[in-house]
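The values are calculated or read from the model by the stated rules, or taken from the named source; none is laboratory data. Please read these numbers as outputs of a predicted model, since none were measured by experiment. Glycine also receives a Cβ, built like all others from the backbone with ideal geometry; neighbour counts cover every protein chain displayed. Ligands, DNA and RNA are stripped out before the accessible areas are found, and what is left, the full protein with its side chains, is counted by its heavy atoms. Shrake-Rupley method; radii C 1.70, N 1.55, O 1.52, S 1.80 Å.
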Amino acid sequence: MKTFTLNDGCSIPALGLGTWKSPADEVTQAVKSALEVGYQHIDAAWIYQNEAAVGKGIHESVKGGAVSRDQIFVTSKLWNTFHQAESVEVGCRETLRELGLDYLDLYLMHWPIAFKPGRAQYKAPEDFYPLSEVPLSETFEAMVALREKGLVKSVGVSNFTQSKLEKLIAETGVVPAVNQVELHPYHPQTELLDYCQAQGILLTAYSPLGSGDRPDSMKQKDEPPLLQNEQVKAIAEQENLSPAQLLIAWAIDRGTVVIPKSTNAQRIAENFAAASHDLSEQARSAIDKLDIQYRYVSPDTWFFPGITYEGEGFWA
Ligand code: A2P
């Protein structure tokens, strides 16, 4: 398995199993299938509400001798309700308890958004902390402290734009190891990739297959399904790959980690095989030329005019 070296010296496998949207009653087996077939990287998060089942899969695999804990790279993410400095360790320890682990390989700030703790719904401006009150730098510094306590090995962020990264680095003096963002041919974020590569921040590609299994409430009418794109299908056929495999090989070829989600053993194995495919230059440039722009994941229910989390400004 190809690996990348993080800016703190740790190594991360280029392919990981995504677990967003994986039902708890399926993800244990999915994790076991993945570790059995050779994955060494599992991507989890507090908010996915399935970390106990993910952890069960890891433990059963370790117990069964398929892998040892130190051969698996486990990522999780701090949820938005834990942004206050004194809550960061609480959120991390909840995740560790659910996963049944004593450390994470990578801990990411899930969103550059701070929710007030204990709110059931995050649908009104008063449910949020303005970033002036709970700055992202405060949250990130508390995450760095977790590294010093041995609870996490590497720290990074997710859903950060270049301007948010610049501000965070200027305020904390720490360069995040990873920024996990939506990346695929419809949303390649080439400028962000160039900036991150220059800064030594590794990008991880989420929703690399277009996340067709998102809930309908997150979908727009007539959105373009990436896996059904005729050009993607044709390029994949030329490379002797399935469309999903092509997208995975493309992500790794451009120097990003990729975390396709599947709970199907056959597709988990298919996706694993893609990670060792050398993409032809012809295929790479044909994909780079696809001219559809589309973002599948946007927290638009969190956007309110006049507060910190304004729509256009959020991704600026
Ligand atoms: P399933 O879990 O049934 O395999 P993303 O990683 O972009 O969020 O996409 C996840 C979606 O892609 C899920 O619906 C998943 O379905 C599907 N998927 C994962 N791997 C493949 C594959 N190799 N071929 C087709 N669909 C796939």
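Computed quantities for the displayed model
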| read-out | value |
| --- | --- |
| Cβ-Cβ under 9 Å pairs, at least 6 apart or on other chains, region 266-287 side in a loop (DSSP other than H, G, I, E, B), far side among the aliphatic types (A, V, I, L, M) and near the ligand (Cβ under 9 Å from one of its atoms) | ALA275/ILE248; ALA275/VAL258; HIS277/ILE248 |
| Yes/no for GLN197 being in contact with a Gly (Cβ under 9 Å, 6 or more places away or on another chain), over 29 Å from TRP302 (Cα atoms) and assigned to a helix (DSSP H, G or I) | yes |
| Residue within region 191-205 that is within 24 Å of SER22 (Cβ to Cβ), open to solvent by 10 Å² or more (accessible area, probe 1.4 Å), more than 16 Å from the ligand (Cβ to nearest atom) and out of contact with any Lys or Arg (no Cβ under 6 Å at 6 or more places or on another chain) present | yes |
| Residue within region 225-237 that is open to solvent by 50 Å² or more (accessible area, probe 1.4 Å), within 12 Å of the ligand (Cβ to nearest atom), farther than 16 Å from GLU182 by Cβ and hydrophobic (A, V, I, L, M, F, W, C) present | no |
| ASN264 vs. criteria within 12 Å of the ligand (Cβ to nearest atom), surrounded by fewer than 15 Cβ atoms within 10 Å (Cβ to Cβ) and closer than 22 Å to GLU26 by Cβ | yes |
| Pairs with Cβ under 6 Å, 6+ apart, first in region 101-112 and under 14 Å from HIS41 (Cα atoms), second assigned to a strand (DSSP E or B) and aromatic (Phe, Trp, Tyr) | ASP105/PHE73 |
| Qualifying residue in region 284-296 (condition: open to solvent by 80 Å² or more (accessible area, probe 1.4 Å) and closer than 30 Å to VAL31 by Cβ) | no |
| Cross-chain or 6+ apart pairs with Cβ under 7 Å, region 252-264 first and at pLDDT 95 or above, then charged (D, E, K, R) and surrounded by fewer than 24 Cβ atoms within 10 Å (Cβ to Cβ) | ILE252/LYS2; ASP253/ARG284; LYS261/LYS21; THR263/GLU26 |
| Filter pass, GLU312 being surrounded by fewer than 21 Cβ atoms within 10 Å (Cβ to Cβ), within 16 Å of the ligand (Cβ to nearest atom) and part of a helix (DSSP H, G or I) | no |
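Condition check ((1) open to solvent by less than 10 Å² (accessible area, probe 1.4 Å); (2) out of contact with any Cys (no Cβ under 6 Å at 6 or more places or on another chain); (3) modelled with pLDDT of 95 or more) across all residues:
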position	(1), (2), (3)
GLU141	no, yes, yes
LEU151	no, no, yes
VAL157	yes, yes, yes
GLU166	no, yes, yes
PRO176	yes, yes, yes
LEU183	yes, yes, yes
HIS187	no, yes, yes
LYS221	no, yes, no
